[in-house]
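The values are calculated or read from the model by the stated rules, or taken from the named source; none is laboratory data. Computed from a predicted model, the values in this text were never measured in an experiment. Ideal geometry is used to build each Cβ from the backbone, glycine not excepted, and the neighbour counts take in all protein chains shown.
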Amino acid sequence: MNTARLVLTGSLIALALCTPGYARVTRIVIDETLPLPATAGSSAPAVPYEQVAGRVFGELDPKLPGNAIIQDIELAKDADGKVRYVASFVIYKPVDMSKASGLMWHDVPNRGRVFSFAPQERSLGDIMLASAWQGDNSGATAVRAVASTNGTQFLQVPVAHGAGGSQVTGEVLGRIVNRSGKASQPLLVQTNPIPYRPVSLDTTRSKLVSRGGENQRGEVFDELAVQPSYWAWARCDANNPFPGTPDPTQICLKNGFDPARLYQVVFTAADPYVLGIGFAAWRDAGAFFKKAATDDVGTPNPIAKGVTYSIARGISQSGTSCAAGCTSASTRMRPARRYMTACGRSSQGGALR
């Protein structure tokens, strides 16, 4: 077994659970089809390629085992008991599908980004599919009306609702680091804005602290509470000083930010996305493009009968997703204590399917 196979094997067992029987893509829409240029610095490819961008419309039955494991899927049902999503995708394929090798690389986008198609894979006639899985609807992964060949990937998922359609609320944790001065600062996860906003701009209903340090054992040093009257949910700067202009996406400090300290806020937000649906959406898109001839209304699969094998792969945040397979983590909503979370860590993963 070579090195590439060793990397891929780690996720094989997890993704083996993702049987096509749970896939339910009902419709696809092709938004854009363009020639795929040669990779910069490489010679003109022998096989002409094109890029196809669009959206898949999916339907999940929460009672099926492969969907029932999704956290809070029962809180995302439509009136008919099904759960629905819309996921963007982009496909790189030979213009003449008779030139296709039969192998499809199914990439997990990294924070919405699609990595370039390797010239070696293209020269062999491989197909590449990248389909959305990250449903936080913020920044680079914000939901758009149409997909494009040069845009980031996005996923539209339902929000969780309580009994009788009641609103679900929970606590969100955000951090600000390495910032200085009196200008307000946004709450970010990497470069994406946190997708949730406080239900109230009243700072007495949130908790802001600053820390002098912390370590990997979870120990916190020199934590100081920032009194509600010393900060605001607001946009401010030198020309618009504290308390600034109300803004639920920014924090303004009366005394400004100290670059030597970490700032952490916990606030109550509402309408959490059922993010675990993203794993099912990615799973179902892969199964559809590998096996289906058309969708339910007769729209042809652009790579129908062109895929015999597929390989899942991801890097960094998306490598973690790939290794997770169909086991899902979403908004962890519990009656006693509720958290809405976002995460990402470095790893690589993949699996033959």
Worksheet item: Here are P45, P37: which of them is at pLDDT below 95 and more than 27 Å from R144 (Cβ to Cβ)?
Response: P45
Fill in: Unique residue being within 30 Å of L129 (Cα to Cα) and among the β-branched types (V, I, T) when the list is V199, V265, V189, V177
V189
Worksheet item: Counting just the residues of segment 79-117 that are without any contact (Cβ under 8 Å) to a residue 60 or more places away in the chain and closer than 30 Å to G164 by Cα, which one comes out surrounded by the fewest Cβ atoms within 10 Å (Cβ to Cβ)?
Response: A79
Worksheet item: What are the residues in segment 126-154 that are of a type outside the set (G, A, S) and within 21 Å of T249 (Cβ to Cβ), if any?
Response: Q134, D136, N137, T141, V143, R144, T152, F154
Worksheet item: Any idea which residue in segment 182-192 is surrounded by the fewest Cβ atoms within 10 Å (Cβ to Cβ), counting only those that are under 27 Å from the mean Cα position of the chain (by Cα) and not hydroxyl-bearing (S, T, Y)?
Response: Q190
Worksheet item: If you take the residues in segment 290-304 that are β-branched (V, I, T) and in a loop (DSSP other than H, G, I, E, B), which one is surrounded by the fewest Cβ atoms within 10 Å (Cβ to Cβ)?
Response: V297
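From S180, S184, S166, grab the single residue that is hydroxyl-bearing (S, T, Y) and under 24 Å from A142 (Cβ atoms). Step through it out loud before you land on a result.
Values: S180 fails: under 24 Å from A142 (Cβ atoms); S166 fails: under 24 Å from A142 (Cβ atoms).
Result: S184 is the single residue among S180, S184, S166 that is hydroxyl-bearing (S, T, Y) and under 24 Å from A142 (Cβ atoms).
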Worksheet item: Which condition number in (1) crowded, with 21+ Cβ neighbours inside 10 Å; (2) out of contact with any Pro (no Cβ under 9 Å at 6 or more places or on another chain); (3) farther than 30 Å from L124 by Cβ is the one that V307 fails?
Response: (3)
Practice prompt. Could you grab me the full set of residues in segment 60-90 that are in contact with a helix residue (DSSP H, G or I) (Cβ under 7 Å, 6 or more places away or on another chain) and in a strand (DSSP E or B)?
Written response: L60, V83, Y85, A87, F89
Worksheet item: Just checking, how many residues over segment 185-227 are closer than 21 Å to A260 by Cα and in contact with a helix residue (DSSP H, G or I) (Cβ under 7 Å, 6 or more places away or on another chain)?
Response: 1
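Do you know which residues across segment 267-287 are crowded, with 19+ Cβ neighbours inside 10 Å and assigned to a strand (DSSP E or B)? Please lay out each step first, then the result.
First, pick out the residues of segment 267-287 that are crowded, with 19+ Cβ neighbours inside 10 Å: 267, 269, 272-287.
Matches in segment 267-287: F267, A269, Y273.
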Fill in: Among the candidates R211, R179, R217, R235, residue that is surrounded by 15 or more Cβ atoms within 10 Å (Cβ to Cβ), modelled with pLDDT of 95 or more and assigned to a loop (DSSP other than H, G, I, E, B)
R179
Item to complete: Please state which of the following conditions Q264 fails to meet, knowing it meets all the rest: (1) surrounded by fewer than 13 Cβ atoms within 10 Å (Cβ to Cβ); (2) part of a strand (DSSP E or B); (3) among the polar types (S, T, N, Q).
Response: (1)
